[in-house]
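Colleague: Dumping the structure here so I can ask a few things about it.
What follows is calculated from the coordinates using simple rules that are stated; it is not laboratory data. Just so you know, these numbers come straight off a predicted model, no measurement behind them. With ideal geometry, Cβ positions are generated from the backbone for all residues, glycine too; neighbour counts draw on all protein chains shown.
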Amino acid sequence: MRFPAEPFKIKVVESIKTTTQEEREKLLKEVGNNIFDIPSEKIFIDLLTDSGTSAMSDRQWAALMVGDEAYAGSRSFYKFEQTVKKLTNFGHVIPTHQGRVAENLLSSIIVKEGMVVPNNSHFDTTRANIEYHQGLALDLVIDEAYQPEVDHPFKGNMDIRKLERVINKYGKDRIPVCFLTITNNSGGGQPVSMQNIKDVKKVLSKYNIPLFFDACRFAENCYFIKTREKGYENKWILEIANEMFSYADGCTMSAKKDGLVNIGGFLALNDEGLAQKITNLLILIEGFPTYGGLAGRDLEAIAVGLEEVLDENYLQFRTSQVQYLAEMLDKENISIIKPAGGHAVYIDAQKFFPHIPNYQFPGQALVVELYKRYGIRSVEIGSLMFGKTDEKTGEEIHPKLELVRLAIPRRVYTSMHMNYIAEAFAELHKDRDKIKGMRITYEAPVLRHFTARLEEIN
Ligand code: F0G
């Protein structure tokens, strides 16, 4: 295991306040063990998300100062547009204030009742936008994605046979678009291979179905292609990105991830008629097409971020920092999804707490304990987030895996912080028999994990 040294120097620091365990226990009681309600000031290491939490570079901060805040025709927009075009070669670039708005705009125009949208795995917001328009969102990722212990270089790949079956079952006219999420966040931050992208495109071309990328973490995906797929080892990341986007008809993007900024997103596509309709809706709900819900300075920062993210030194560090944490946890016999994802390590909470059944939320018990003892915030992706009661049978439905995600913000924490996290896990693992399951005392009818209240079962 190599100790990943940060390929940057620290110019500005933000201090982290420390809290005592007593204080954290009191806070947890006040918020009913819901980690979303803990003020960020009371957190030592925040691994809730890698979205919008990146540290901007000196070049990005400098770029903010030259933002052109004109309502129409902003210079910053043209710079942003040019950068996105250089990366994707798509003809139309539509700025949005974050990724889900891009998804909303696209779904509003193309998804109608009874339509079907395949994806390797939909992220919550893509799924929600499709379902909101009465469409059916299908996950067609390869089976290996559901086997945490199975090591596969491209666990985000779509299963081509599943895709063909879906097209045969529903018919091409009911499939307005097919997505590939790169990397596949809901499946553990796993990449999609270039070969798989080509294979998916080949099938879709037969039926004239457009392919869109959910491209939030495209650069991390490119780096995995470079290091894991034959024939790409000597290519620049930009070349790989260009090839990848050449197989797609468009993309939705949350720049809060690989745009290395705190807010922003876009939709880019080739279909002029569709772009026109989306732009008309954009003006109604986001803003004029040369700012789309963002300030000119935000567009400047994204333009710089999209270039910086292609730097191989950065990507090498980024992926090895996540890998480094994963390897330390693995050494302590803590079960994780293998291999490590591009932006996060996913812990198998059911294996961590074999004595806590899924209906007593082993993932949330781990999230709570990590915060209580060590001030680390993580997020449960298991029965609390996805479990529900079947309306017809009254039976509890549980997801396939009880996971806890440790998402690593970009350029924010050092490898020493990774050591701290690994040590915390090692200590907690030794003490795990003492930890108890939880029960819900309050839940909202939808997206319950954001506001649920829970208590420990004694
Ligand atoms: N698609 C994927 C794959 C995502 O991971 C996210 C956000 C979005 C779309 C939506 O983008 O937040 O800018 O509207 N993921 C964050 C996360 C929230 O924590 O994984 P957004």
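Colleague: Calculate, in nm to one decimal, what Trp236 and Thr414 gain on full extension: separation in residues at 0.36 nm each, minus their alpha carbon distance.
Modeller: Separation in residues times 0.36 nm, less the Cα-Cα distance, equals 61.5 nm.
Colleague: Right, something else. With r as the distance between the Cβ atoms of Val13 and Glu113 and R0 = 56 Å, compute the FRET efficiency 1/(1 + (r/R0)^6) and round to 0.05.
Modeller: 0.60
Colleague: What angle do you read, to the nearest 10 degrees and between 0 and 90, between the alpha-carbon axis of helix 272-285 and the longest principal axis of the chain?
Modeller: Approximately 60 degrees, to the nearest ten.
Colleague: Now, a different point. Normalised by the residues of the chain, what does the relative contact order come to in percent, with Cα pairs under 8 Å and at least six apart?
Modeller: 23 percent
Colleague: Label points 7 Å out from Cα along the Cβ direction at Arg174 and Asp271: separation in nm?
Modeller: 1.9 nm
Colleague: Gap in Å between the Cα centre of region 393-457 and the Cα centre of region 45-91?
Modeller: 33 Å
Colleague: May I ask you to sort His355, His343 by Cβ crowding, counting other Cβ atoms within 10 Å and putting the fewest first?
Modeller: Fewest to most other Cβ atoms nearby, the residues stand as His355, His343.
Colleague: While we're looking at this one, here's another question. Quick check on my link table: of Lys338/Lys400; Lys162/Lys226; Lys112/Lys172, which ones sit more than 18 Å apart, alpha carbon to alpha carbon?
Modeller: Where the Cα-Cα span goes over 18 Å, the pairs concerned are Lys162/Lys226.
Colleague: Return a whole-number percent for the relative contact order of region 200-319, with Cα pairs under 8 Å and 6 or more residues apart as the contact set.
Modeller: 26 percent.
Colleague: What are the ³J(HN,Hα) values, in whole Hz, obtained from phi via the Karplus relation 6.51 cos²θ - 1.76 cosθ + 1.60 with θ = phi - 60°, for each residue of region 55-70 in sequence order, with x given for Gly and Pro?
Modeller: 8, 7, 7, 4, 5, 5, 5, 5, 4, 4, 5, 9, x, 9, 8, 4
Colleague: Moving to a separate point now. Quick one: check the C-alpha center-to-center distance for region 208-250 versus region 169-188, whole angstrom.
Modeller: 17 Å
Colleague: If I fit a long axis through the Cα atoms of helix 415-430 and take the longest principal axis of the Cα atoms of the chain, what angle between them do I get, 0 to 90°, rounded to 10?
Modeller: Tilt of helix 415-430: around 40 degrees.
Colleague: Please give, to one decimal in nm, the separation of the simple spin-label points placed at Glu307 and Lys331, each 7 Å out from Cα toward the Cβ.
Modeller: 3.9 nm
Colleague: As an exercise, use a Förster radius of 35 Å and the Cβ-Cβ distance of Glu25 and Trp61 to find the FRET efficiency, rounded to the nearest 0.05.
Modeller: Efficiency computed from Cβ-Cβ geometry: 0.35.
Colleague: Beyond 27 Å, what share of the Cα-Cα pairs of region 3-133 remains, rounded to the nearest whole percent?
Modeller: 51 percent
Colleague: When ranked by the protection proxy of mean other Cβ atoms within 10 Å per residue, highest first, what sequence do the peptides 114-124, 22-32 form?
Modeller: Top to bottom by mean Cβ count within 10 Å: 114-124, 22-32.
Colleague: Work out the FRET efficiency for Arg373 and His398 from their Cβ-Cβ distance, taking R0 = 22 Å, and round it to the nearest 0.05.
Modeller: Between Arg373 and His398 the formula returns 0.25.
Colleague: Which order results if Lys392, Lys206 are arranged by neighbouring Cβ count within 10 Å, fewest first?
Modeller: Taking fewest neighbouring Cβ atoms as first place, the list is Lys392, Lys206.
Colleague: Further question: Which of the GluC sites (Glu not before Pro) found in region 211-291 are loop residues per DSSP with 14 or fewer other Cβ atoms within 10 Å of their Cβ?
Modeller: Glu233
Colleague: Starting from the Cα of Tyr78, step 7 Å toward the Cβ, then list every residue of region 271-313 with an amide N under 15 Å from that point.
Modeller: 290-291, 300
Colleague: Which value in deg cm²/dmol, rounded to the nearest 500, describes the helix-derived mean residue ellipticity at 222 nm for the chain, given -39,500 (n - 2.57) per DSSP H run of n ≥ 4 and division by the residue count?
Modeller: -12000 deg cm²/dmol
Colleague: Assuming 0.36 nm per residue, please report the length gained on full extension of the stretch Asn458 to Glu164 beyond their Cα-Cα distance.
Modeller: 100.9 nm
Colleague: In what order do Asp50, Asp433, Asp139 fall by count of nearby beta-carbon atoms within 10 Å, going from fewest to most?
Modeller: Asp433, Asp139, Asp50
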